[in-house]
Amino acid sequence: MCALPSAGVPAHDAGAGAGSIAELRDRVRAGKAALLAGFRDGRATAAAASRLVRALAGHADEALSALWQRFEMPPGATLVAVGGYGRGELFPFSDVDVLVLLPAGDPLGQPRWRTGIEGFIAGCWDLGLEIGSSVRSIDECLAESARDLTVQTALLESRRVCGARRSFEDFRRARDAAVDPAAFLRAKTAEMRQRHLKYEGTPYALEPNCKESPGGLRDLQILIWVARAAGLGRSWSDLAARGLATPFELQQLRHNEGILRLIRARLHLVAGRREDRLVFDLQAAVAESFGLKPQRGQRNSEALMHRYYWAAKAVTQLNQILLLGIEERILGSEHQPMRPIDGEFLDRGGLLEVARDSLYQDDPRAILRTFLVFEQEASIHGLSARTLRALYNARDLMDTRFRHDPVNRATFMAILRQPQGITHAFRLMNQTSVLGRTLWVFRRIVGRMQHDLFHVYTVDQHILMVLRNMRRFFIPEHAHEYPLCSQLAAEFDRPWVLYIAALFHDVAKGRGGDHSALGARDVRRFCREHGVAGEDAELAEFLVRHHLTLSQVAQKEDLSDPQVVARFARLVGSARRLAALYLLTVADIRGTSPRVWNAWKAKLMQDLYHTTLRALGGAQPNLQADLEARKAEARQRLALASALPGTESALWATLDARYFLRHDPGDIAWHARALWRHIDSASPIVSARPSPVGEGLQVMVYAPDRADLFARICGYFDGAGFSILDARIHTTAKGYALDTFQVVRAFGDDHGPAAYRDLIALVEHRLRQTLVDEGPLPEPTRGRVSRRVRSFPVTPRVELTPDERGQRWLLTVSTSDRSGLLYGIARVLARHRINLQLAKITTLGERVEDTFLVDGPALQSSREQLRIEAEMLDVVGPQP
């Protein structure tokens, strides 16, 4: 194979014919521009997209053929289109993949042939074609395809553009003879699995790749590839003619391929480049190019993505059905013996097979029994092509009468009550459209996007992820992941009530109004219709209505305040409800995004669970007893650390009860050891240690108090690349600030011991130096927001509300996350000399909801309150 010219190498402009190449380039560009303009200005239809990609391929054929004639090529050479171009399709900015097929011998050994080929390839770039080229003989093609699956696939879809016809026919016959259909099927199936994993394993990613993601165009192309390799056909019509696709599936294949093709073509045009990802930045513009308009509170991008998700879901189903059928045909397993399970189902090598094609038509109740048998039979790990096809063609049977059938409702509850297989059964039910057609409220949220900056799944995928998380709490093999959850689950009877709550907790998303209240109404109706009554129905409704409450209390309120705990305990009412709400909360947060859950949030929620459980057990708040218990445990920890008796006395004499109630005994002992010689220090004391509750550091600052101290600390952490998860602020009787921060590095930590030692020394030194330096506070940097935040901005919100006693105020800030945000808030507090007692920093993906417990004379004036809120809004508002 020859060495190819590098991209961008121009053809020779000097000498005869240079003007002709320039003219050809102008014609190529004008022709493509005319095709794109006609598509852009026309109606956004699948037929228009099909005409465009074929026309662009034909236009490239003409240009390449004209260019081929201008150069002296070896006798018997052929220009072959491969890959997508070989299929006769070119999207607006796709590469034009070609093979220069050489005759046998060594034509490149002759300078004139080599010069001609190099001139042709360089001329392609001069014409403005994004060329992808290779130069090979037939033997070299076969050798390379044997080594590289991608090359083998590209050559499978090849057609002659111009040149020697006989050479191409020889190549085609040799290529077909060299293909091993079974090996090719195995390789392409493995490749598809890897590709699906790369793209999150779901067609419902919020920024899907319409070509490569599950349910994208690649999932259709693989069907044609493996069919061609086996000689089963080259088109959807061929597959239907061979019994591999039904007439209805044929129509669905064409319809959904047309939708995906249209979206990809419009995406290329809007982006002005090869772009196959439906990224947030482009979704609205692509929707506009479809003529979609916002309506009834729904963005036009949501309407576009809903259309995409339904097409991708259909492609996923069709891919499963046809690929399994092709596999059976290639491997000859169509007539293998099967184990009867009952009169309706068979075991086909681990796949559940319907006993007859008309099963669901004869008895629609068998549709749900399919998934019950799937759970009950340990040897079954999937559905066969015949079963998938039968379900796909039985969708219209799942109507109102089907949903109201008492037998079907009983079967659905039986599926929920099985001891194993629930997660997989419900995923299969969603993939086959059975879940949405059985629970009509669920159908409304299939493929629904969530624009809240922390969910990374569509609503239906999130719900199934929460169901999976809940199930894992009840499986002993996963007890090490969340020990408290597994302990509570082991003691919880009738876990199916929790599964119902998981299915309904977000089912009312996108309807407008409070989705928790609407979902509670839906689950109440479900329980009434499915025979769930009494305490179980009440629990399911309570969980759906309050599925956000535990998280909000734990992350936003002062858990050392007995009234906060008592109020939450009154709401929950019983230990069983508390355990259920805790399990649903953890499962829900874990199911939003891998980035949202962390060890600090886990600790806050565990603390709230345990304090509430004590309150529910009848333990009356006894602040003095709790305080003395914490002191006693702190003294024990000091003794274990070989601290001298009385180490704590000087510091503790300056601290009030609030300090002891807001800190764990471990923190209290740590403070005492660090400060026992520095109670009256005139210079700041900074001590850091690895966080005892997970990732990051715990940093203590002890310094003479001043109005801008918190702002200076925040400024340092922001500049050093740390995110503050929690801040506990206290002022001693001697006028010293004793502040404790839980911080993590925004770009991740190296958790090795040596790295932590170096990081701790660096933080202690530089933060101390920051606090020693005098001078005005620097202006906060207006940090850049992420691409996702720009596409789906959060409306900034600032609220100041007094507590029940009117002595302290709760400042709540909600906005999009960015660097410098907390420092900007702290500067406003410092400017108005507002005292900070507690800060709870809640980051939900790329949205922050921060809560500050504050007091100060300025808050007693309504005018000052308005000024503070206005300044806060200016700090947290959109970027200029």
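The values are calculated or read from the model by the stated rules, or taken from the named source; none is laboratory data. Just so you know, these numbers come straight off a predicted model, no measurement behind them. For neighbour counting, all protein chains shown are included, and Cβ atoms are generated from backbone atoms with ideal geometry for every residue, glycine included. SASA here: full protein model, heavy atoms, side chains in, ligands and nucleic acids out. Shrake-Rupley method; radii C 1.70, N 1.55, O 1.52, S 1.80 Å.
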Check your understanding: Once every DSSP H run of n ≥ 4 in the chain is given -39500 (n - 2.57) and the sum is divided by its residues, what mean residue ellipticity at 222 nm do you get, rounded to the nearest 500 deg cm²/dmol?
Key -> -17000 deg cm²/dmol
Review point. What spacing in nm lies between the two simple spin-label points modelled at ALA479 and ALA355, each 7 Å away from Cα in the Cβ direction?
Key: 4.1
Exercise for review: Label the stretch 559-618 by shape, choosing from rounded, prolate and oblate, from the square roots a ≥ b ≥ c of the eigenvalues of the Cα gyration tensor; if a/c is under 1.5 it is rounded, and otherwise prolate applies when a/b is larger than b/c, oblate when it is not.
Suggested key: prolate
Practice item. Would you mind calculating the relative contact order of the stretch 225-289 from Cα pairs under 8 angstrom and at least 6 residues apart, reporting the percent as a whole number? Key: 18
Practice item. Run through the DSSP bridge list for the stretch 7-151 and note the antiparallel percent, rounded to the nearest 5. Key: 35
Exercise for review: Return the percentage of antiparallel bridges among DSSP beta bridges fully within the stretch 317-398, rounded to the nearest 5 %.
Suggested key: 75
**Study point:** Simple label model, 7 Å out from Cα along Cβ direction - GLU130 to ASP664, nm
**Key:** 5.3
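Would you please put 552-564, 576-588 in order of how densely packed they are, using the mean number of other Cβ atoms within 10 angstrom per residue and starting with the highest? Before the final figure, lay out the partial values.
Working: 552-564: 19.1, 576-588: 23.0.
Going by the mean number of other Cβ atoms within 10 Å, highest first, we get 576-588, 552-564.
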Exercise for review: Excluding residues on the same chain fewer than 8 positions from LYS293, give the aspartates and glutamates whose Cα lies under 12 Å from its Cα.
Suggested key: GLU302
Study note, to complete from the structure: Toy charge model, Lys and Arg Cβ at +1, Asp and Glu Cβ at -1: the chain dipole around Cα centroid in debye, rounded to 20, equals 1360
Exercise for review: Just name one of VAL772, ALA682, LEU416: the one whose Cα is farthest towards the positive end of the charge dipole of the chain (beta-carbon charges, Lys/Arg +1, Asp/Glu -1).
Suggested key: LEU416
Point to revise | Directionally averaged shadow of the stretch 487-548, computed from the convex hull of its alpha-carbon atoms, nm² | key: 4.3
Point to revise | Extension gain, ALA285 back to HIS404 (0.36 nm per residue minus Cα-Cα distance, nm) | key: 38.6 nm
Point to revise | Per-peptide average of other Cβ atoms within 10 Å, ordering 720-729, 308-317 highest first | key: 308-317, 720-729
Exercise for review: Work out how far the C-alpha atoms of the stretch 358-405 reach from end to end along every principal axis, then list the three figures in whole Å, largest first.
Suggested key: 33, 20, 14
Practice item. With a ≥ b ≥ c taken as the square roots of the eigenvalues of the C-alpha gyration tensor of the stretch 113-246, please select rounded if a/c is under 1.5 and otherwise prolate if a/b is larger than b/c or oblate if it is not? Key: oblate
Practice item. Could you work out the relative contact order of the chain, using alpha carbon pairs under 8 angstrom and six or more residues apart, expressed as a whole percent? Key: 7
Exercise for review: Would you work out if the stretch 314-368 is rounded, prolate or oblate? Take a ≥ b ≥ c from the square roots of the eigenvalues of the alpha-carbon gyration tensor; rounded if a/c is under 1.5, else prolate when a/b is larger than b/c, oblate otherwise.
Suggested key: oblate
Exercise for review: Please give, to one decimal in nm, the separation of the simple spin-label points placed at ALA490 and ARG242, each 7 Å out from Cα toward the Cβ.
Suggested key: 5.5
Revision key, fill the gap. Checking rank on 189-198, 113-122, with mean other Cβ inside 10 Å and highest first, the result is 113-122, 189-198
Review point. So which lysines can LYS840 reach, going by Cα to Cα under 28 Å and dropping same-chain residues fewer than 8 places off?
Key: LYS509, LYS556, LYS601, LYS603, LYS631, LYS734
Study note, to complete from the structure: Answer in debye to the nearest 20: the dipole magnitude of the stretch 332-413 about its Cα centre, from +1 Lys/Arg and -1 Asp/Glu charges placed on Cβ, is 180
Review point. If the chain between LEU777 and GLU72 were fully stretched, how many nm would it gain, using 0.36 nm times the residue separation less the Cα-Cα distance?
Key: 246.4 nm
Check your understanding: Taking Cα atoms of the chain, Rg/Rh with Kirkwood Rh, to two decimals?
Key -> 1.05
Review point. How large, in percent, is the carbon and sulfur part of the accessible surface of the chain at a probe radius of 1.4 Å?
Key: 51
Practice item. Using the charge dipole of the stretch 216-372 (Lys, Arg: +1 at Cβ; Asp, Glu: -1 at Cβ; taken about the Cα centre), state which of LEU239, ALA284, VAL226 has its Cα farthest towards the positive end. Key: ALA284
Study note, to complete from the structure: For the chain, dividing by residue count, accessible area per residue (probe 1.4 Å) in Å² works out to 42
Revision key, fill the gap. Computed Rg/Rh for the stretch 600-736 (Cα atoms; Rh = Kirkwood radius) stands at 0.97
Exercise for review: Could you tell me, in Å, what Rg and Dmax come out for the Cα atoms of the stretch 436-547?
Suggested key: 14.4, 40
Check your understanding: Which is farthest toward the positive dipole end of the stretch 293-360 among GLY349, LEU324, MET305, measuring Cα position about the Cα centre, with Cβ charges +1 (Lys, Arg) and -1 (Asp, Glu)?
Key -> MET305
